[in-house]
Structure formats: C-alpha cells, structure tokens
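Novice: This is the structure I want to talk about, given as structure tokens.
The values are calculated or read from the model by the stated rules, or taken from the named source; none is laboratory data. Computed from a predicted model, the values in this text were never measured in an experiment. Using ideal geometry, Cβ is built from the backbone for each residue, glycine included, and neighbour counts are taken over all protein chains shown. Just so you know, the surface numbers come from the protein's heavy atoms only, side chains and all, with ligands and any DNA or RNA stripped out. Shrake-Rupley method; radii C 1.70, N 1.55, O 1.52, S 1.80 Å.
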Amino acid sequence: MGARSKREEAEALLVEKTTGEKRKWADKHHKRWWIEEIDTAGMFEIPSQPSPRDRFIATKSAVEAPAGFWNTLHVKVTDLNSDVIANYDRNHSTMYRTFEPFRQGSRLFALISSDYTATSVLDLQSGKVIASETPDSNGFCPVGFYVPDWWDLNDGSVLPGSEGWKSDYEEPKGNFGFVWGCVWGDDSSWKVLNFTQN
C-alpha cells in the first residue's frame, strides 16, 4: 500500500487506505494489513528536503559601468535563513539561469557563470569557487544550468529495503547535468550540452 519513513506516517497511511469506500478495495485485494518495520542501516539514504534548488537563492543587483562598457551584476547567494553563503560578480548585465544549486552525497555545490563564457562550481559550504573553465571570448556562453535532484524524479513513496525498491531509485546523485547557451556570435539559438563529473 505504500511506504513511509516514520511509524506514525505509516499508521496514518494504513487508516487512509482501509477506511470507508477504500475498505472495499482493500478487502478485495488484501487478506490482512500490517505495518512492517525495516532496518535500513547501511542502505541508501533518501536525500533531505528541501532540495538545494529550493534552499539557496541568488539575488542580483546591477552594477553600472562607464560609457562604452557592459553593465555587470553583483550576485549574493543566501540560504533559507537569509545567511549569506557567497558573493560574486558576473561580467554580463543579464543573469539568465546561471545559478543551479545541487548536491553530491552530503556536499552542496552550485553551477554559476561569473564570466559569461565559462561555467564554474561554487562550494556552498565554503562559499568559494572550487573549479572553473577558462573564459574564452569566442567560446560557449552558458545561459542556463540544470542538475537533476533526487526529488525531481522520486516522490519518496518507495523506501530503501521495501518491496519494489531497485538500485535505479538511488539516481540521480548529482553527478551529471545540463548546460545550455550558445557559441558567442553564432545564430543565438540555445544548444544543450551534457556534463558528467566523477
């Protein structure tokens, strides 16, 4: 009938599935109902909520440039408590969707683009950029990032150790994502790139 991570949630589910009109269906398809506790020690742990995308916010503010130069942006990254995690400058006047928080195991990162022709990785624990492409004025200009989170593809209704659990349900783990944008000076239509990190 389903799986829940806490006993009281399982008890509520059992009542919901065996009350009123649903009782007829339960009687027809099941001889008895019970709650079975499963020890999940050492098994895959379902990632916490909220997902990184819902936990971190990038706020931009315009920085006026002298005549003949592009305006730029100052970006402040905060968490749900409004604590400042990081600050960085972007050398373009538009942010697009160039801030994508994601997790790998217990680590939290974000894809950012402080330079309009490069992708960088921001460590959301230290607030420091830990990896970056070399900017190239004729290179690929990212305008958006997407790293699938576990909660994007799973609803938590099947738990590790329960009937029907498959190792596929442990994906995605934050080790692949997508970048879209265009090569500087091309037709300006968006192209999608895939990246994988080991």
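Novice: What accessible surface, in Å², does a 1.4 Å probe find on residue 64, ignoring ligands, DNA and RNA and rounding to the nearest 10?
Specialist: Result for residue 64: roughly 140 Å² accessible.
Novice: Suppose a student asked you for the relative contact order of the chain, using Cα pairs under 8 Å spaced at least 6 residues apart; what percent would you report? Please report the intermediate quantities before stating the final value.
Specialist: Values: 344 pairs, mean separation 31.7, N = 198.
It rounds to 16 percent for the chain.
Novice: Give me the one-decimal nm value for the distance between modelled label points at residue 183 and residue 166, 7 Å along each residue's Cα-to-Cβ direction.
Specialist: Between residue 183 and residue 166, the simple spin-label model gives 3.9 nm.
Novice: Same structure again: Run lengths n ≥ 4 of DSSP H only: what is the helix-derived mean residue ellipticity at 222 nm for the chain, with -39500 (n - 2.57) per run over all residues, to the nearest 500?
Specialist: Numbers: 4 runs with 28 residues, N = 198.
After summing the helix terms and dividing by the residues of the chain, the value is -3500 deg cm²/dmol.
Novice: Moving on to the next point. Less than 15 Å from a label point 7 Å out along the Cα-to-Cβ axis of residue 128: which backbone N atoms in the stretch 62-89 qualify, by residue?
Specialist: 86-87
Novice: Something else about it: Out of 17, 76, 28, any idea which swings most in a Gaussian network model of the chain, alpha carbons joined below 10 Å?
Specialist: Of the options given, 28 has the highest mean-square fluctuation.
Novice: State the Kirkwood hydrodynamic radius of the stretch 60-100 in Å, one decimal place, computed from all pairs of distinct Cα atoms. All intermediate terms of the calculation are to be shown ahead of the outcome.
Specialist: Details: mean 1/r = 0.0895 Å⁻¹.
One over the average 1/r among Cα pairs gives 11.2 Å for the stretch 60-100.
Novice: May I ask you to list the trypsin sites (Lys or Arg not before Pro) in the stretch 107-194 that are in a DSSP loop and have at most 14 other Cβ atoms within 10 Å of their Cβ?
Specialist: Details: sites: 107, 128, 166, 173, 191; in loops: 166, 173.
Loop-located and lightly packed - 166.
Novice: Would you mind telling me which residue in 99, 69, 140 has the biggest mean-square fluctuation in a Gaussian network model of the chain, where springs connect alpha carbons within a distance under 10 angstrom?
Specialist: 69
Novice: Suppose accessible area is computed on protein heavy atoms with a 1.4 Å probe; arrange 155, 83 from highest to lowest. List each step's numbers first, then the result.
Specialist: On the way: 155 115, 83 80 Å².
Order by accessible area, largest first: 155, 83.
Novice: Hey, what angle do you get for helix 7-17 against the long axis of the chain, alpha-carbon based, 0 to 90 degrees rounded to 10?
Specialist: 70 degrees
Novice: To continue, here is another question. In µm²/s, what is D for the stretch 36-147 at 37 °C and 0.692 mPa s, where D = kT/(6 pi eta Rh) by Stokes-Einstein and Rh is the Kirkwood radius from Cα pairs?
Specialist: Details: Rh = 15.5 Å.
Answer from the Stokes-Einstein relation: 212 µm²/s.
Novice: Hey, any idea what % of the stretch 26-80's accessible area is carbon plus sulfur with a 1.4 Å probe?
Specialist: Numbers: 2130 of 4230 Å².
Roughly 50 percent, rounded to a whole number.
Novice: To the nearest 10 square angstrom, how much accessible area does residue 97 have with a 1.4 angstrom probe?
Specialist: Solvent-accessible area, nearest 10 Å²: 150 Å².
Novice: Just add up the charged neighbours of residue 160: K/R +1, D/E -1, any other residue whose Cβ is under 11 Å from the Cβ of residue 160. Please list the in-between numbers first.
Specialist: Values: positive: 166; negative: 39, 45, 170.
Neighbourhood net charge equals -2.
Novice: Still on this structure: The stretch 129-198 to the stretch 57-114: how many Å between their Cα centroids?
Specialist: Going from one Cα centre to the other spans 18 Å.
Novice: While we're on this one: Any idea how far apart residue 39 and residue 57 come out in nm if each label point goes 7 Å out from Cα toward Cβ?
Specialist: Once both label points are built, they end up 4.4 nm from each other.
Novice: Normalised by the number of residues in the stretch 111-178, what is the relative contact order in percent for Cα pairs under 8 Å and 6+ residues apart? Please list the in-between numbers first.
Specialist: Working: 75 pairs, mean separation 17.5, N = 68.
Reported relative contact order: 26 percent.
Novice: Excluding ligands and nucleic acids, what accessible area in Å² is computed for residue 73 using a 1.4 Å probe, to the nearest 10?
Specialist: Surface accessible to solvent at residue 73 totals approximately 10 Å².
Novice: Mind checking the per residue accessible area of the chain for me, 1.4 Å probe, whole number of Å²? Intermediate values should be presented prior to the final figure.
Specialist: Details: 12640 Å² over 198 residues.
Computed with neighbouring chains in place, this is 64 Å² per residue.
Novice: Would you list which aspartates and glutamates come within 17 Å of residue 17, measuring only between C-alpha atoms, while excluding same-chain residues fewer than 8 positions from it?
Specialist: The qualifying aspartates and glutamates are 8, 9, 27, 36.
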